[in-house]
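Engineer: Supplied in structure tokens, the structure appears directly below.
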């Protein structure tokens, strides 16, 4: 395990050698295998993924234009939303229908696009919360401090080590609400590590982060892989993806349209179509303009750092019938 | 104006039966709303179910007192469970509406003619507190200092009531500084985050609902025994609203907040009520009658609740950084 | 929203069919006992009925009129003993079975019907077939009557619910003080008619205007200011409880604890339309309610302000970024919501006595309607309110009338269990 730093990336990428750049390609050692997951909102199919595998010990990026269904897909996999159909396994065990908290206990932990730092708890309390199997979290044992005191001290020690690694140790007694947007992202990632996961799923870890912090965040993501964890992360920005990922999965309109190594996937014509497709050769329909407005507005909200505001779901507008029509129009336009 | 009477009733209100009943109801609300962010607006029903559980067992079926207490407690746990299963997955505002509706259902059943044989209709139930007063260790007489004092019956109720308040506060203190309490406070902030960290949010909310209900139901027992009767309309939505006022007055998510809040609430209510009545009957206030004093007191409760939330949402003893009022 | 419109249209269609078929009096004022005596198809005049309490204390007497009808008001709910004086019966008639006493229960706000079946004195039974057939047709008459009453109640709930739902949609406020806006409508009408001396209709108009003004002022000087301060939604919800307590007891202070009817239209006799019996005021009230709801619906669908209101309810931030003046829209909604809630109160006062808790008693039904439809949707509230109204009245076919609200509240819980976002509501995004 403790080879020279360059070894990790090379080793991770070696696993992908010789794989075809096709959607649903089989991986040599998948930790997560997804089959035929479908999620519909009214008339709109938000997610329709036929087959996808995530290679163990790698950093896999999930990219796609706004409204491609990435977050919805994340929600299905982690049990935060129920899929209409489909099956997926984690370490060979079926995971569909398993509630969110049990997904986390099995070692698959996620973060959120809009950070969910628990702002009225201190940074240290946030961290302690992540630890699993706490005796003091049982109602009856909670009354007797001597039962859980020892475990609590061990948890605190581990939390402090992590905080130090994420350079949050000076903030340990501050309320999480007083942290900056980037620090919250760091805290959320550190807290996820308290669960001791095998697979870390990061939903837009860079969104709303001050550029100065981006590099350090990227470094932390690489560290996760170097410590033997598997990382799956959602991102819009292709440049960032190219830098750290070993493998890239591209989604558009709910489906996986391409997969491949980061260097070649960017030149894939299907990916370019998905990102630029309808938008640069056809005028915007009214519905598309509306969707874009909603997306822009969601970003604005993020920038303003409104934690409690309900984000607009680009996949799930008020009238499901209309976006379906819009996507049909898109298909026509690109045909 | 009879200032002595005003003084005596006011001081007695600080520790009186109403204060105990509302302190217990508010302690329960504080567990649910203050610590866990659950907007349970059905707290009155928990008090009602406990009081009626005891009353029905003893006075309708003629069974022993202690069985009544056990049945009352068990009914509260069952009621909390039944209420929680459909509602705890709902958003905060829906939860508030559904719990208030459930509490009204309970009250309507208690007062219905159809179940009059069991619950006694709108007259309620009496004659079930004999065993309780037989256990009274205080010999008959008046106990107190100077003009302040209680009869042996009231004293017995108060001693037991404040004992229950103390026990509840101790339990809440121990629980809220444990990891269990940490999970509750985290759920108040963002339950999806807690779920993503492998905690069974539903189970914790249910535990909070049941615990809050059980603490509140002690208030139902105290009320039923102190007044030796239960009537359905005592357990209406306003009881719940006053309990919330008390929690916010004392400071949400503070162990002793509801207790101090209840004392202050009743002291103010009694002081304002008695002073106004005296002033009206002495002819100092002419624009209203003594029967209009009651409404004025509760107008002031409403006004006080508004002003508190607008200007000091953390209450008297709360920490502004730690209350759940700005969330959904 | 399209589904909402379809559902709305369907309900309106159903309503119009029902109206043309005929219609009835909603819920009665006060408790009482009544009955109709017929013998061989003819009403029986001059039969003496005596009512006592269970313990034998006298309550009242009545004599059947030319239509065979008698009625005795009673002071409270409970069980009563009703005795028929056999000596006042026509000589050839007798009560079937020979038992001259009945012990009916009277429920809150209801007049219970007491049956004395009269048969020929020689004991010859009436034709065996007929009672059964008439029982079935009577059941259907009751269904028709209750459906009508359900719509009547549902329309009043809908008036209040629309404003509540739109206020929630645009500001996020779950307004517990909305019931008091309804009470104010009735109390203002009472004040301007019985105290000032205006005709009730004019007093009602004034009450609606004042309700609108009160809504405007509330937003201008209270809720709008709180929104500006960034008060949290749960904070605002609890503040609204404070407002509700304050208003309720202010009304109690000025109006007193009594329960009083308007000085006109109070004891209007019912007329029969098809299978339904109702006072003419109910038909007119329903017409007005329907008109207002249709106008409000059209305004939401067709006018610029209405579209803006729906846009703000859908997504305030987006609406603001597309150039809609959100504050102005919210103020208009508060004004209109206050006026329409007051109208609901005016109408409620026609079928009930005016009383300081009348709005509070209705608040949960309004919430039930709004929640059933999905919080924040205007048309959902309408559909939900009508469902609640119908359900409450029709459930009395099987449950005692005192428990009729219970069924509606239970349905609310069950619907939310299956569809946590309400019938027409939208799910929230996670993550």
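Laboratory data are not the source of any read-out in this text; all were calculated from the coordinates shown. Quick caveat: nothing in here was measured; it's all calculated off a predicted structure. All Cβ positions, glycine included, derive from the backbone under ideal geometry; neighbour counts span all protein chains shown.
Engineer: On alpha-carbon atoms, Rg over Rh for segment C:39-123 using Kirkwood Rh? Write down the numbers at each step before the final one.
Structural biologist: Values: Rg = 13.0 Å, Rh = 13.4 Å.
Value, to two decimals: 0.97.
Engineer: In what sequence do A:272, B:210 fall when counting other Cβ within 10 Å, fewest first?
Structural biologist: On the way: A:272 11, B:210 22.
Ascending number of Cβ neighbours within 10 Å: A:272, B:210.
Engineer: Between rounded, prolate and oblate, where does chain B land on the alpha carbon gyration tensor, with a ≥ b ≥ c its root eigenvalues, rounded for a/c under 1.5, else prolate if a/b exceeds b/c? Provide the component values of the computation, followed by the final result.
Structural biologist: Values: a/c = 1.63, a/b = 1.21, b/c = 1.34.
It comes out oblate by the Cα gyration axes.
Engineer: Let me know the mean shielding of A:77-88 by other chains, meaning the per-residue number of their Cβ atoms within 10 Å of its Cβ.
Structural biologist: Working: counts 0, 4, 2, 5, 4, 0, 0, 0, 0, 0, 0, 0.
Per residue, the average neighbour count from other chains is 1.
Engineer: Let me ask something else. Considering chain C as a Gaussian network with a 10 Å cut-off on Cα pairs, which listed residue, C:357, C:268, C:42, attains the greatest mean-square fluctuation?
Structural biologist: Fluctuation is largest for C:42.
Engineer: Considering the alpha-carbon set of segment A:1-136 alone, what are its Rg and its Dmax in angstrom?
Structural biologist: 17.3, 52
Engineer: So how many Å³ per residue does the convex hull of the Cα atoms of chain C work out to? Don't skip to the end; give the middle numbers.
Structural biologist: Details: hull volume 70.3 nm³, N = 431.
Spelled out: Cα convex hull of chain C, divided by residues, is 163 Å³.
Engineer: Okay, next question. Under the rule of -39500 (n - 2.57) per DSSP H run of 4 or more residues, summed and divided by the residues of chain C, what mean residue ellipticity at 222 nm is obtained, to the nearest 500 deg cm²/dmol? Numbers along the way, then the final one.
Structural biologist: Working: 13 runs with 238 residues, N = 431.
Computed ellipticity for chain C at 222 nm equals -19000 deg cm²/dmol.
Engineer: For segment C:146-275, just list the percent of Cα-Cα distances falling in each 5 Å bin from zero outward, please.
Structural biologist: 2, 9, 15, 19, 18, 15, 10, 6, 3, 1, 1, 0
Engineer: Taking a ≥ b ≥ c as the square roots of the eigenvalues of the Cα gyration tensor of segment C:318-431, is the shape rounded (a/c under 1.5), prolate (a/b larger than b/c) or oblate? Show your work: numbers first, answer last.
Structural biologist: Numbers: a/c = 3.11, a/b = 1.32, b/c = 2.36.
Oblate is the answer for segment C:318-431, as a/c is 1.5 or above yet b/c matches or exceeds a/b.
Engineer: What percent does the relative contact order of segment A:45-166 come to when contacts are Cα pairs within less than 8 Å and at least six residues apart?
Structural biologist: Numbers: 72 pairs, mean separation 16.2, N = 122.
Taking the mean separation of contacting Cα pairs over the length of segment A:45-166, I get 13 percent.
Engineer: What relative contact order, as a whole-number percentage, does segment B:3-234 give when Cα pairs under 8 Å and 6 or more residues apart are counted?
Structural biologist: On the way: 341 pairs, mean separation 91.9, N = 232.
Over segment B:3-234, the number comes to 40 percent.
Engineer: Then there is this: Using R₀ = 56 Å, calculate the FRET efficiency as 1/(1 + (r/R₀)^6) where r is the Cβ-Cβ separation of residue B:60 and residue C:209; round to 0.05. Display every interim value, and only then the final one.
Structural biologist: Working: r = 53 Å, r/R0 = 0.94.
It comes out at approximately 0.60.
Engineer: Take chain B, connect every pair of alpha-carbon atoms lying under 10 Å apart with a spring to form a Gaussian network, then pick out the residue of B:19, B:289, B:245 with the largest mean-square fluctuation.
Structural biologist: Answer for the Gaussian network model of chain B: B:289.
Engineer: Which value at 222 nm does chain B reach when only helices count, each DSSP H run of 4 or more adding -39,500 (n - 2.57), with the total divided by all residues and rounded to the nearest 500 deg cm²/dmol? Mind dumping the intermediate values first?
Structural biologist: Numbers: 14 runs with 218 residues, N = 328.
After summing the helix terms and dividing by residue count, I get -22000 deg cm²/dmol.
Engineer: Quick one: grab the alpha carbon gyration tensor of segment B:65-210, order the square roots of its eigenvalues as a ≥ b ≥ c, and give me rounded if a/c is under 1.5, else prolate or oblate depending on whether a/b is larger than b/c. All intermediate terms of the calculation are to be shown ahead of the outcome.
Structural biologist: Values: a/c = 2.79, a/b = 1.47, b/c = 1.90.
Here segment B:65-210 falls in the oblate category.
Engineer: With a cut-off of 8 Å between alpha carbons and a minimum separation of six or more residues, what is the relative contact order of chain C in percent?
Structural biologist: Numbers: 782 pairs, mean separation 99.6, N = 431.
Normalised by residue count, the contact order of chain C is 23 percent.
Engineer: Continuing with the same structure: Report the residue, chosen from B:174, B:305, B:268, that carries the largest GNM mean-square fluctuation when chain B is represented by alpha-carbon nodes joined by springs under 10 Å.
Structural biologist: With Cα springs under 10 Å in chain B, the top fluctuation among B:174, B:305, B:268 is at B:174.
Engineer: Could you line up C:54, C:61 from fewest to most neighbouring Cβ atoms inside 10 Å? Write out the running numbers ahead of the final one.
Structural biologist: Values: C:54 10, C:61 14.
Listed from fewest to most nearby Cβ atoms, that is C:54, C:61.
Engineer: If you average the alpha carbon positions of segment C:50-102 and of segment A:150-205, how far apart do those two centres end up, in angstrom?
Structural biologist: 79
Engineer: Something else now. Using the alpha-carbon centroid of each, what span in Å lies between segment B:74-90 and segment C:195-271?
Structural biologist: Cα centres, segment B:74-90 to segment C:195-271: 35 Å.
Engineer: Sticking with this one: Take the alpha carbon atoms of segment A:236-250, find their center, do the same for segment A:82-103, and report the distance between the two centers in whole angstrom.
Structural biologist: Measuring centre to centre over Cα atoms gives 26 Å.
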